[in-house]
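Following: one structure in C-alpha cells, then a few remarks.
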Amino acid sequence: MKSKNINIYVFTLFISIILSSFSAGEAKAYTLSILECQAISNDINSTAPQQIDYVTELKGTVCYKNASNEVSFNYIYNLLSNDFPHSGFTAQFKNNVVNTFCTDPEIRIFLDTLSEIQMTYYFKNSGKFYDQFAFSNKNCW
C-alpha cells in the first residue's frame, strides 16, 4: 500500500508538471527542481526501510545536484543475502532495472524529470558496498 501512495504522489506531480509546462500551445521538457526532488525523496524515506523482495530492502533515497548541477536521484538498497556474484550485478540485471523504469508509465514520468537515477547497493549485515549503476531516459529504447 505504501508504494501505491508513492505512485499516486508521482502521478499527481506529473499532472501538475504537464499542466504547468504548456506555453503558447507547445509542451516543453520539465525537470524537477532540487526542492521538488527532495520532497519526493522525503516522502519515500518516511516509509523506509521497505522490503522490496526476499533479498532486497529499500534503505532510503537521496536527491542531489550532480557535477553538472542537474538534479539526480539515488535509491539506496540493502541486500539481505550474501549470495551475489563477487563481480557485481550482471548486465542482464541492470538492463532489467532500466527496462522497468523505461516501460512502466508511472515510473517513466519520474525518470523523464531527472538527469539520472542511480541505484546503490550495500550488504545489510556488513554494511559493505556491493554495486552501483546509473541511467537516464537516454538509456530507454
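The values are calculated or read from the model by the stated rules, or taken from the named source; none is laboratory data. The structure displayed is predicted, hence computed values, not measured ones. Quick reminder, even Gly has a Cβ in these numbers, built from the backbone with ideal geometry, and neighbours come from all protein chains shown.
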Answer yes or no as to whether LEU80 is of a type in the set (A, V, I, L, M, F, W, C) and surrounded by 14 or more Cβ atoms within 10 Å (Cβ to Cβ). yes
It is to be established whether one or more residues within the range 19-29 are among the polar types (S, T, N, Q), modelled with pLDDT under 50 and more than 16 Å from ASP112 (Cα to Cα). yes
Assuming ILE76 fulfils every condition listed in (1) in a helix (DSSP H, G or I); (2) within 13 Å of the chain's Cα centre (by Cα) apart from one, which condition is it? (1)
Tell me which of these VAL55 doesn't satisfy, since it passes every other one: (1) touching a Leu at 6+ places or on another chain (Cβ under 8 Å); (2) exposed (fewer than 14 other Cβ atoms within 10 Å of the Cβ). (2)
Which condition does ASN82 not pass, out of (1) modelled with pLDDT under 90; (2) in a strand (DSSP E or B); (3) of a type outside the set (Lys, Arg), if it passes all the others? (2)
Right, PHE89: surrounded by 16 or more Cβ atoms within 10 Å (Cβ to Cβ), in a loop (DSSP other than H, G, I, E, B), among the hydrophobic types (A, V, I, L, M, F, W, C) and at pLDDT 50 or above or not? yes
Would it be correct to say that ASP112 is within 25 Å of ASP43 (Cα to Cα) and either free of Cβ contacts under 8 Å to residues at least 12 places away in the same chain or among the hydrophobic types (A, V, I, L, M, F, W, C) (or both)? no
Testing THR103 on (1) of a type in the set (Val, Ile, Thr); (2) surrounded by 14 or more Cβ atoms within 10 Å (Cβ to Cβ); (3) over 11 Å from the mean Cα position of the chain (by Cα), one condition comes back false. Which one is that? (2)
